[in-house]
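Note sheet for the following structure.
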Amino acid sequence: MKLELSEEDRKTLIEATITYTPSKMYRKLSEELGELLVAVSHYQEERATVQEVAEEIADIRINTAQLMLYLGIEQEVDDMAEYKMLRFADRIKEDRGL
């Protein structure tokens with residue numbers, strides 16, 4: 001799993017890291033994570049649409065991409081996501097008895 005950003009998106013995220021303080025970025029990410037939790041909970045209760053969940057996931061993707069750029073950890077996150085995806089695949093096989 002690799003984060004693919006267009007050059008324009010990368011420039012926008014870099015501008016955001018210059019414009020906003022780290023504490024503002026962290027607060028925004030926390031806020032967006034909370035909104036995703038609410039959207040998923042409401043979706044399970046049929047009080048939100050799949051589009052509302054998608055909107056919150058998009059916000060999380062943007063905010064985590066910004067944080068990754070700010071911290072300079074894009075490669076580490078890509079490597080960890082690849083490792084965790086392999087581990088997840090193994091867990092699914094185990095759970096299915098394969």
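Since every read-out is calculated from the coordinates, none of them should be taken as a lab result. Because the structure is predicted, anything quoted here is derived from the model rather than measured. Using ideal geometry, Cβ is built from the backbone for each residue, glycine included, and neighbour counts are taken over all protein chains shown.
If each DSSP helix of 4+ residues adds -39,500 (n - 2.57) and the sum is divided by the residues in the chain, what number results at 222 nm, nearest 500 deg cm²/dmol?
Helix contribution divided over all residues of the chain: -28000 deg cm²/dmol.
Taking amide H positions as placed 1.01 Å from N in the peptide plane, with prolines and chain starts having none, which residues 5 or more places from residue 48, or on another chain, fall under 5 Å of its amide H?
Excluding prolines and chain starts, which carry no amide H, the hits are 43.
Suppose every K and R has +1 on its Cβ and every D and E has -1 on its Cβ; what is the size of the dipole of the stretch 7-73 about the Cα centre, in Debye to the nearest 20?
Taking the Cα centre of the stretch 7-73 as origin, the dipole is about 360 debye.
Under the Karplus relation 6.51 cos²θ - 1.76 cosθ + 1.60, θ = phi - 60°, what is the ordered set of whole-Hz ³J(HN,Hα) values for the stretch 62-70, x standing for Gly and Pro?
The phi angles translate into 5, 5, 6, 4, 4, 5, 4, 5, 4 Hz.
How would the stretch 1-50 be classified by its alpha-carbon gyration tensor: rounded, prolate or oblate, with rounded meaning a/c under 1.5 and the a/b versus b/c comparison settling the rest?
Judged from the Cα gyration tensor, the stretch 1-50 comes out oblate (a/c at least 1.5, b/c at or above a/b).
State the Cα centre-to-centre distance between the stretch 49-85 and the stretch 2-23 in whole Å.
Here the two parts' Cα centres lie 12 Å apart.
Residue separation times 0.36 nm, minus the C-alpha to C-alpha distance between residue 57 and residue 15: what's the value?
13.0 nm
For the stretch 17-23, take each phi angle, set θ = phi - 60°, evaluate the Karplus expression 6.51 cos²θ - 1.76 cosθ + 1.60, and give the result in whole Hz per residue in order, putting x for glycine and proline.
5, 7, 7, 9, 5, x, 5
Considering Cα pairs under 8 angstrom that are at least six residues apart, work out the relative contact order of the chain and quote it in whole percent.
Worked out over the chain, it gives 39 percent.
Rounded, prolate or oblate, given the Cα gyration tensor of the chain, with a/c below 1.5 counting as rounded?
Oblate, since a/c reaches 1.5 and b/c is not below a/b.
Given the options 61, 87, 27, which has the most mean-square fluctuation in a GNM of the chain, springs set between C-alpha atoms less than 10 angstrom apart?
Taking springs between Cα atoms under 10 Å, the residue moving most is 87.
Calculated FRET efficiency, residue 31 and residue 89, Cβ-Cβ r, R0 35 Å, to nearest 0.05?
Taking R0 as 35 Å, the efficiency between residue 31 and residue 89 is 0.60.
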